[in-house]
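Read the figures in this text as sums done on the coordinates, not as results from a lab. Since this is a predicted model, take the numbers as computed values, not measurements. Here Cβ is always computed from backbone atoms with ideal geometry, including for glycine, and neighbour counts include all displayed protein chains.
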Amino acid sequence: MRQLSISVVFVRAVLKYAVAHGLDPVNLLRENRISPRLLDEGDALISIERFADLQVSTIVAMGDEGLGYGAQALPLGTWSMMCHAVIHCETVGKALARYCRFFGLFQQVATPTLRLEGDSAIVRLQPDPGQQGIDSYAAELSLFNCHRFMSWLASELLPAQAFNFTHAAPPHVDQYRPMFAGNPVNFEQAHTEMVLKAALLELPVTQNEQSLARFLRHPVLALLTQQYDQASWTARVKQLLRKDMVNMPELEPVAATLDVHPQTLRRRLGKEGTSFSELKGQVRRDVALHFLGKQGLSIEEIAHRAGFSESSAFIRAFKGWTGVTPYTYRKGL
């Protein structure tokens, strides 16, 4: 299973309009085994599974797939109907055009539009009339969903030339690397948009009604965790690191196993938006967050499984990742 984590910043964004809809954010968090105390920790992380479940729970409780960000609610079932509307398209380009037309039927915070400029295909978000600009999270979520859904249709993580946003870079800017798959992310731009090579529009849609039924069991989690390019250097390094968490190898032996020079591996990981040291930290962090959600495992055992020889070192590292100790984190689950 691929184990991932996400900043609590995005949890706050999901819950931004909960109170306005008569909901208790604390109850929503507890129902999804997320400690409310984590909201006060700027650098806290939670598992991607908990985040996905919280987003779905909040959508259902609000009765709004737009999480309250739009001028009007997106009724429950909107995303499912969009999926059924595009699943029989022959190409990504036709699916993307239909995707934009579909969401253009609703009054929301922003409407996606598709345009071709030279050899680029641009999905640009247009603020709906009456809206004062586009909320930063709504913009990020809209482009994230569009990119990941089109990637799912093609069974290929589509490379983007850029994701552009009009808002300023946030303090948690490091979270945008995994969110947008290592593609360039730019802030304070003239438009909110995703820029792709136009040639990608000719890719065939590889999904069908049967695979769509599986996807719709938990589309939020599917979009967050989908991974197609198992041949990427990031995926190959992570796979080697996970094989022996206790004696996690250093860069040189990993490079030797992959039959490349260490400097070459550094360069290739850099092109994928990461580094060897970042991957080691990510693997340890995500394993720890995963096992903290399991019953019956002591902190000492989790520390061992995450590759720490001493619990004290694990506790210090975990507090650096999440802002709280593993004991405090577990109490909130």
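The protection proxy used here, the mean number of other Cβ atoms lying within 10 Å of each residue, ranks peptides 249-261, 82-94 as follows, highest first: 82-94, 249-261. For the chain, the share of DSSP beta bridges that are antiparallel, to the nearest 5, is 90%.
In this simple spin-label model, placing a label point 7 Å from the Cα along the Cα-to-Cβ direction at both Arg37 and His88 gives a separation of 5.5 nm.
Charge dipole of the chain (Cα centre as origin; +1 on each Lys and Arg Cβ, -1 on each Asp and Glu Cβ, all else neutral): 560 debye, rounded to the nearest 20. Charge tally around Pro75: other residues with Cβ under 11 Å, Lys/Arg +1 each, Asp/Glu -1 each, net -2.
Subtracting the Cα-Cα distance of Val19 and Gln126 from 0.36 nm times their residue separation leaves 35.8 nm of extension gain.
Under the 0.36 nm per residue contour assumption, what length would be gained going from the current alpha-carbon distance of Lys294 and Gln161 to full extension?
My answer for the length gained is 43.9 nm.
In order along segment 66-79, phi translates into HN-Hα couplings of x, 6, x, 7, x, 5, 9, 5, 8, x, 4, x, 4, 4 Hz, rounded to whole numbers, per the Karplus curve 6.51 cos²θ - 1.76 cosθ + 1.60 with θ = phi - 60° and x for Gly and Pro. Approximating the spin labels as points 7 Å out from Cα along Cα→Cβ, the Lys319-to-Thr113 distance works out to 5.2 nm. Taken along the Cα-to-beta-carbon direction at a fixed 7 Å, the label points for Asp244 and Gln226 span 3.6 nm. Compute the angle between helix 276-292 and the longest alpha-carbon principal axis of the chain, please, reported from 0 to 90 degrees and rounded to the nearest 10. The helix 276-292 is inclined about 90 degrees to the chain. Less than 5 angstrom separates the built amide H of Ser5 from those of Ile48, all sequence-distant by 5 or more or on a different chain.
Positive contributions from Lys and Arg (+1) and negative ones from Asp and Glu (-1), summed over other residues with Cβ under 14 Å from the Cβ of Pro127, come out at -2. From the coordinates of this entry, Rg and Dmax of the Cα atoms in Å is computed, and it appears in (1) 20.5, 58; (2) 19.5, 63; (3) 25.4, 85 under the label (1). Each of Thr264, Thr322, Thr328 has some number of other Cβ atoms within 10 Å of its Cβ, and from fewest to most they run Thr264, Thr328, Thr322.
Comparing Cα centroids, segment 116-186 and segment 40-79 end up 18 angstrom apart.
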